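Novice: Quick one: the structure is below, and I'll ask about it shortly.
None of the figures in this text is laboratory data; all of them are computed from the coordinates on show. Treat the numbers as computed from the prediction; the structure is a model and nothing was measured. Backbone-built Cβ (ideal geometry, glycine too); neighbour counts: all protein chains shown.
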Amino acid sequence: MTETTENTGVENPAAEDQAAERLLTALQTRQACAPVRDLIGPTDLPAAYRVQERLTAGRLAAGATVVGRKIGLTSQAVQEQMGVDQPDFGVLFDGMGFGDGDLVPTEHLLQPKAEAEVAFVLKKDLADGPLDVEQIRDAIDYGVAALEVCDSRIAGWDIAFADTVADNASSGVYVLGDDRLTLDEFNPVEVGMSMLINGEEVSTGNGAACLGDPLNAVAWLAKAARDFGEPLRAGQVILSGALGPMRPIESGDEVVVNISGLGSVTARFSEGNTHE
């Protein structure tokens, strides 16, 4: 039985500060931490996003820039596993993005897992209006094949819904392909996906696996982001959610994602800071 997330209605700034500090320390020390649900509860959505906002504020204060958003938990099977009935979202910062064929450093990742997605880049703000799929289509500049490397600061990926939301939706880094197609040139719901690690196919899926259609996922995100006071903006990158199961990766791995009708993207992973 799926458990709907709930708002306790009671804010606890001290506990939320402690949760944020626990996650920040894990990020800075590369030492995974205990879950934060003991501090904010396992399903308190507003509390979890307040912790995420604290982490975002800290990164912005340190000079980072927001370049987009990612959507997580778009698979019904994963939602059921997590005991929730909706996706979540996190923030993409400059420094997280890589290009096709890049050597991606793993030195700041703790327990990385790769998943294949359709990414979109916006040409219009999504701050007003109904934010329905028709409006979403009109706001999208182009789509690209994408590889998202999810990561968790929580030891052993022992996460409940609040843990992953607080931890910036378990974000790590992402890699975008070179082929840029408009929505007149491909239909996101019709794509098929194959992901290979070191030449072995490890994950397959399709556009319908992402909340029924990746455009549905972006519409959900647009509304959620506006509700949280930070609407999606022109120029931002949107990672729309996994097309199939994620798989663990290690330093030395090569990951190739092929998305039919859209293109491919490749990344190699190496210990050490190689990001220009």
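Novice: Which value at 222 nm does the chain reach when only helices count, each DSSP H run of 4 or more adding -39,500 (n - 2.57), with the total divided by all residues and rounded to the nearest 500 deg cm²/dmol? Can you show the working numbers first?
Specialist: Numbers: 7 runs with 72 residues, N = 276.
Result for the chain, helices only: -7500 deg cm²/dmol.
Novice: Sequence neighbours fewer than 8 away in the same chain don't count; with that in mind, list the lysines whose C-alpha is under 24 Å from K113.
Specialist: Partners found: K70.
Novice: What nm value, rounded to one decimal, do you get for the distance between F228 and V133 when each label is placed 7 Å out toward the C-beta?
Specialist: 2.4
Novice: Using a Gaussian network for the chain with springs between C-alpha atoms less than 10 Å apart, which of these wobbles most: V149, V78, V91?
Specialist: V78
Novice: Sticking with this one: Classify region 47-198 as rounded, prolate or oblate from the Cα gyration tensor: take a ≥ b ≥ c as the square roots of its eigenvalues, call it rounded if a/c is under 1.5, otherwise prolate when a/b beats b/c and oblate if not.
Specialist: Working: a/c = 1.35, a/b = 1.23, b/c = 1.09.
Rounded is the answer for region 47-198, as its axis ratio a/c remains below 1.5.
Novice: Can you give the FRET efficiency to the nearest 0.05 for A57 and S251, using r as the Cβ-Cβ distance and R₀ = 30 Å?
Specialist: Working: r = 31 Å, r/R0 = 1.04.
Approximately 0.45, to the nearest 0.05.
Novice: Is the shape of region 167-239 rounded, prolate or oblate, going by the alpha carbon gyration tensor and its root eigenvalues a ≥ b ≥ c, with a/c under 1.5 for rounded and a/b larger than b/c for prolate? Mind dumping the intermediate values first?
Specialist: Values: a/c = 1.80, a/b = 1.46, b/c = 1.23.
It is prolate, given that a/c is not under 1.5 and a/b is the larger ratio.
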